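Please read through the structure below; I'll follow up with questions.
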Amino acid sequence: MYQPREHFQSGHRFGIEFGGAVLSFERVTDVLRRQWPIIAVCVGVSLALVIVYLATAQPMYTANARIMMDTRQAQVLDKDSNASSALIDTGYVDSQVEIINSDDLILSVVRRLKLTEDPEFNGSSPGLLSLIIGKATSIFSSREPASQERIEHAVVGQVQKNLRTERVLATYVLSLNYRSRSPDKAAKIANAIANAYLVGALEAKYQSTKRATEWLQQRSLELSEQATASDRAVQTFKAEHNIVGTSRGLMSEQQLSDLNTQLVQARAATAEAKARLDRIDAISDQDLAQPTVTDALNNAVITRLRAQYLDLQAQYADWSKRYGKTHLAAVNLANKMEELRKNIADELRRIGDAYRSDYEIAKSREASLEKNVKELVAQAGHTGQAEVKLRDLESAADTYRNLYNNFLEKLQSATQNQSFPLSEARLISTAAKPDRKSSPRTVLALVGGLVGGLCLGFGVAFARELLSDVLRTPGEVEDELGVKCLGVLPDIRSSTKAGPSDLSRYVVDHPFSRFAETLRNIKVSIDVARLTREIKVIGIVSSLPKEGKTTVAANFAQLVALTGHRTVLIDGDLHTRSLTRELAPNAKSGLVEALNDPASLGYHVQRSKETGLDFLPSVVASRMVNSADVIGSKAMAELLKVLRDHYEYIVIDLAPVMPVADSKAVSFLIDAMVYVIEWGQTTRSALQESVSGSEVLQKKLLGAVLNRANPKMLKRIEAYKGKHHNSYYVEHA
Ligand SMILES: Nc1ncnc2c1ncn2[C@@H]1O[C@H](COP(=O)(O)OP(=O)(O)OP(=O)(O)O)[C@@H](O)[C@H]1O
Ligand SMILES: [Mg+2]
């Protein structure tokens, strides 16, 4: 029974989903077996192309020069770089490669070797391919003659194309490969490029040291100016803020302590002056002439006056007692005493005045000192702040001075380097003239061609398989239809030299052929199905014309008849009637007549003496419009009923399903349908469309058979069955 293919399960399979199809190992080998000729063709073509290429390609020679890179990079400013120079980063290596490939370097080589005049470069002897490309591009480009610069540029481009520079593993060695048509030139150019690099490296080093020296010079000049300026700034600042350095610290501090000492002294002096003054004041109130007044004043004048006074007083006392106080001498004495007393008083006053003035002076000195101290203290505050600023300036000046000294030192060494620029890069292997061509590489090209051809072949093969919509294996049929594939019928035309009439009786002539055996297998399948239900009427049907219905029907019927079963074969294809033409070309009546008059059936049936097969032909004068009605008629049902009584097998050759309706019309009268699919021809789409078009047909479908399989390809497809698989068949009578 027909099942939609989605529900069909053909057991467990290994494989991956590939564009909807399962790409299993079996499928791959199937594809290879079927498609190996196309793969072989692809490989052949690709190898042929490779051989043509090898024969025509211009041989190229590669020369190799090796340069040891300069591991000590020109670093004037960084003296410690020597320690770390042991490790070169890849960036540096890549830069060196770029330098070698640079336009300027190559241009210098092009000019030195006059490569613009070389026919290999100026295009006067171009290869076939470049000639074609040149012609093609000249259509689009302007025709003005190229300038010298343009020519040089083009040659530089070509040299760069042929040059391959690379680092040798993780070493500091650069390998420089140059490819040329001539081995001599390859070596010459490789060496020229290597030398240009070395000279360039030296020059670069010189230039960089020179630039660095210039810069250093300028910078040290600036630095010296800066250092001087900052020194000057320190001095100016000191002067402005009155900061003078002494051995005992700064000037202002020294002053303050001095002033303080003076102030203390001044205060003492003032107190002393005050004490003296007070004493004078106290004394001036007393009568100094009195002896009781102790002489605290150590004044010589007063002491003398007092002594005189005291003498006179003693004399006066004597005289006044002796002569009376009124005595002239006594009065004189008294006057003298009075005068002395006045003198003393005057003297005292004078001293007092002097003392007072002393005191005033001391006081004013003290006040002035105090004021000075105060000022100085205030000033010291300012000086403190200024000092911070000063330190700043001083340290800046120090820095500049150190920097300047440092730069001077470096400038010295840089100037030395400039006069002896030493490059560490050197040529460690000069390019020698290559004695073997480097390209085209024969073996590599052949292997490449082989692999490429194989890939292409596989691609094409699988594409063909994926794109092809046809069926070639029983598995595919079962996947597609969901019914059993009853067998694969090989193409029998190749094994018979005779015409079409031999094909319709092939089983008779070749009873042990694979063809016959496959048909026997169909019979077995029908017999097995007969165990559960009655199967007598067997329709042979296909989707499209010329798929082999008639051939299969004729051979099948003969095969069954030969086994001794009562069998009738009916030509049910009222359109072509090819079966009748094959088996009973002279028949005058047949199916149509039998339908009109069932009683006359025996008259129309022809029996084969050889096989014992009864054949009911179809004879119509002209093509019928209503053939579907005729074959699906009640009369047909009646006829079959009669036949069922007489025969064990009733085989009907039917018309194709897609173009005409006959098969669908008769399908309800048929017990089992055998579907013929032309191997490698019938498309899946046609099959799907025709089968899904009739439900009755689907129900009646017993199995399908693949017809006209190419025997050679069949052998490939069935290689997995072993080489003895076909040994039971006898294809040639
Ligand atoms: N197994 C086969 N080996 C070789 N040739 C075959 C085979 N089957 C069919 N043919 C050939 O294919 C052609 C068509 O076959 P046939 O007439 O049997 O097909 P058909 O389906 O009956 O066609 P139609 O739809 O016209 O009736 C014939 O020439 C026949 O000889
Ligand atoms: Mg036919």
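The values are calculated or read from the model by the stated rules, or taken from the named source; none is laboratory data. Values in this document were obtained by computation on a predicted structure and should not be read as measured data. Backbone-built Cβ (ideal geometry, glycine too); neighbour counts: all protein chains shown.
Would you point out which residue out of S320, S284, S252 is polar (S, T, N, Q) and modelled with pLDDT of 80 or more?
After applying the criteria, what remains is S320.
Only one of K549, K536 is crowded, with 22+ Cβ neighbours inside 10 Å, touching a residue at least 40 places away in the same chain (Cβ under 8 Å) and either in contact with a Lys or Arg (Cβ under 8 Å, 6 or more places away or on another chain) or more than 19 Å from N726 (Cβ to Cβ) (or both); which?
Exactly one residue qualifies, and that residue is K549.
Name the one entry in T236, T165, T171 that is surrounded by fewer than 18 Cβ atoms within 10 Å (Cβ to Cβ), hydroxyl-bearing (S, T, Y) and under 34 Å from the mean Cα position of the chain (by Cα).
Sole residue among the options that is surrounded by fewer than 18 Cβ atoms within 10 Å (Cβ to Cβ), hydroxyl-bearing (S, T, Y) and under 34 Å from the mean Cα position of the chain (by Cα): T171.
Then there is this: Modelled with pLDDT under 90 and outside the structural domain of Q412 (by TED's automatic domain parsing): is that true of S230 in this structure?
Spelling it out, S230 is indeed modelled with pLDDT under 90 and outside the structural domain of Q412 (by TED's automatic domain parsing).
Out of all the residues in region 617-658, which are of a type in the set (D, E) and within 16 Å of ligand 1 (Cβ to nearest atom)?
D653
In addition: Scanning for something of a type in the set (G, A, S), within 49 Å of the chain's Cα centre (by Cα) and part of a loop (DSSP other than H, G, I, E, B), does region 434-450 turn up at least one residue?
Scanning region 434-450, I find at least one residue that is of a type in the set (G, A, S), within 49 Å of the chain's Cα centre (by Cα) and part of a loop (DSSP other than H, G, I, E, B), so the answer is yes.
Among the residues of region 575-586, is any more than 60 Å from the chain's Cα centre (by Cα), more than 16 Å from ligand 1 (Cβ to nearest atom) and surrounded by fewer than 24 Cβ atoms within 10 Å (Cβ to Cβ)?
Yes.
Say whether the condition of being of a type outside the set (D, E, K, R), in contact with an Asp or Glu (Cβ under 9 Å, 6 or more places away or on another chain), surrounded by fewer than 20 Cβ atoms within 10 Å (Cβ to Cβ) and assigned to a helix (DSSP H, G or I) is met by at least one residue in region 653-670.
For region 653-670, residues of a type outside the set (D, E, K, R), in contact with an Asp or Glu (Cβ under 9 Å, 6 or more places away or on another chain), surrounded by fewer than 20 Cβ atoms within 10 Å (Cβ to Cβ) and assigned to a helix (DSSP H, G or I): absent.
So which residues in region 163-189 are in a loop (DSSP other than H, G, I, E, B), out of contact with any Leu (no Cβ under 9 Å at 6 or more places or on another chain) and not small (G, A, S), if there are any at all?
L169, T171, Y172, R181 - these are the residues of region 163-189 that are in a loop (DSSP other than H, G, I, E, B), out of contact with any Leu (no Cβ under 9 Å at 6 or more places or on another chain) and not small (G, A, S).
State all residues of region 699-733 that are assigned to a helix (DSSP H, G or I) and more than 57 Å from the chain's Cα centre (by Cα); if no residue qualifies, say none.
K699, K700, N726, S727, Y728
Next up: Kindly indicate whether V651 is of a type in the set (A, V, I, L, M, F, W, C) and away from ligand 2 (no atom under 15 Å from the Cβ).
Taking the combined requirement at face value, the residue does not satisfy it.
Tell me, please, whether a residue that is out of contact with any helix residue (DSSP H, G or I) (no Cβ under 8 Å at 6 or more places or on another chain), within 16 Å of ligand 1 (Cβ to nearest atom), at pLDDT 90 or above and outside any loop (DSSP other than H, G, I, E, B) can be found in region 602-616.
no
Hey, another quick one. Regarding E582, is this residue at pLDDT below 95 and either away from ligand 2 (no atom under 16 Å from the Cβ) or in a loop (DSSP other than H, G, I, E, B) (or both)?
no
Of the conditions (1) more than 20 Å from S627 (Cα to Cα); (2) of a type outside the set (D, E); (3) within 16 Å of ligand 2 (Cβ to nearest atom), F512 satisfies every one except a single condition; which number is it?
Status for F512: all satisfied but (3).
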